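Everything below concerns the one structure shown next.
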Amino acid sequence: MTPAYADILTITLNPALDMTTSVDSVRAEAKLRCDTPVLDPGGGGINVARAIRQTGGIATAFIALAGFRGQQLAALLEADDVPMITFLLPGETRLSLAVGDRLAKTQYRFVMPGPNWTDGDLTTLAEQLTQVITPGMQVVLSGSQPPGVPDSFPKTLANITKAKGAVLTLDTSGSALSVQVTHDGAVPDVLRLNGAESEALAGRKLTSLTDIEKFARRLIADSHARAVVLALGADGSVLATPDGVLHAVTPRVPVISEVGAGDSFVGAFTLTRARGGDWAEALRYGTAAASAAVMSPATDLCLPDDLQNLLLQVIITKL
């Protein structure tokens, strides 16, 4: 049966097999006896698809996978009932290792590089995405870019989604993000930035809600996206569209882990838009999902009961 809302495709070019463990104390040169490791699928687009699954929707995860770790990651997603389209590469999917120090109550995170991409891989990727993306589809590109993928790739994807009549949400960082605020090529429909990314693009500190509002309006006025979401951490999120600027926030919640808050926002926001919700409703759901995510361990993302409770407490203000 055809769903009553648009299909959702999340794209993860640089996924990771996340391994988490703990030791009594991290010490140089010592042989450290670790707890049994926990394995989770990692990567921005993967987490967005998982968040959508947890909040009652379905998104297909388009994932570039390589080697044995890629097979492990695919098996974990299958266990989570997340449908996949795999793009196979030589080499090995990267490993992300997090080691907790119980005595110091700290965590050390080691992230390996992903496989190197070639020009041939990029050509095949563009061809496959052109076949997979359909009119009206909500497409999310989230996460870092692997070695060999040019900073301009989100522009390439924006050209594809525009030609296919799809909707692109971009949540990336670093030099790939800087390319997006040029006027070369197509732009995403929705551009999401966290606080550090906003200040990097603005070239200055954004110290007040007024500063943030002005920056968001400038991004829209300069036609860098149809809509811009600026994440403010515990202070919620700002959404700018040609119709105006909205600020949404929930009451403060107990924080267990901030990992996954942004992906949960994007998941709930995108699912709401796919179901026909307007910008304000999508902002409400995204803000509630981000707050719900910090109340849970990192791998749990946003739990449905927490999301529903917080939806009733979101305050939206027109700036």
Sorted by chain and then number, the residues having a modelled amide H within less than 5 Å of the amide H of Val149, at least 5 places away or on another chain, are Trp117
Under Karplus coefficients 6.51, -1.76 and 1.60, residue-wise ³J(HN,Hα) of segment 201-209 in Hz, glycine/proline x:
6, 6, x, 6, 6, 10, 9, 8, 4
What's the whole-number percent of alpha carbon pairs in segment 189-319 lying beyond 18 angstrom?
49 percent
In straight Cα distance, which lysines are under 21 Å from Lys205, not counting same-chain residues fewer than 8 positions off?
Lys214
Hey, in the GNM for the chain with a 10 angstrom Cα cutoff, which one of Arg226, Arg218, Arg33 fluctuates hardest?
Arg33
Over the chain, what is the percentage of antiparallel beta bridges among all DSSP beta bridges, to the nearest 5?
40 percent
Cross-link partners of Lys31 among lysines (Cα-Cα below 26 Å; sequence separation of 8 or more within a chain):
Lys105
In order over segment 72-83: 3J(HN,Hα) from phi, Karplus 6.51/-1.76/1.60, θ = phi - 60°, whole Hz, x for each Gly or Pro, gives 4, 5, 4, 5, 5, 5, 4, 5, 8, 6, 9, x
Antiparallel versus total DSSP beta bridges in segment 77-176: what percent is that, nearest 5?
55 percent
Treating only Lys and Arg (+1) and Asp and Glu (-1) as charged, each at its beta carbon, one finds that the chain has a dipole about its Cα centre, in Debye to the nearest 20, of 440 debye
Ignoring everything except DSSP H segments at least 4 long, calculate the 222 nm mean residue ellipticity for the chain; use -39,500 (n - 2.57) per segment, divide by total residues, nearest 500.
-11000 deg cm²/dmol
Computed over the Cα atoms of the chain, the Rg and Dmax in Å are 19.2, 59
Quick one: dipole size for segment 189-319, taken about the Cα centre, charges +1 on Lys/Arg Cβ and -1 on Asp/Glu Cβ, in debye to the nearest 20.
360 debye
Segment 153-192-segment 260-301 distance, computed between alpha-carbon centres (Å)
21 Å
If the cut-off is 22 Å between C-alpha atoms, which lysines fall inside it for Lys155, apart from same-chain ones fewer than 8 positions away?
Lys164
Placed amide H near Val245: partners under 5 Å, 5+ positions off or other chain
Leu319
For the chain, set up a Gaussian network in which alpha carbons nearer than 10 Å are linked by springs, and say which option among Ser25, Ser96, Ser257 fluctuates the most.
Ser25
With both partners inside segment 189-319, how many of the DSSP beta bridges are antiparallel, as a percent to the nearest 5?
75 percent
Counting only residues 5 or more apart in sequence or on a different chain, those whose built amide H sits under 5 Å from that of Arg94 are Leu17
Rounded to whole Hz, the Karplus (6.51, -1.76, 1.60) HN-Hα couplings of segment 186-195, x for glycine and proline
6, 10, x, 6, 10, 10, 10, 10, 8, x
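Bear in mind these aren't lab numbers, they're just calculated from the coordinates by the rules spelled out. Keep in mind the model is a prediction, meaning the values are calculated, not measured. Please note: Cβ atoms are built from the backbone with ideal geometry, for glycine as well, and neighbour counts cover all protein chains shown.
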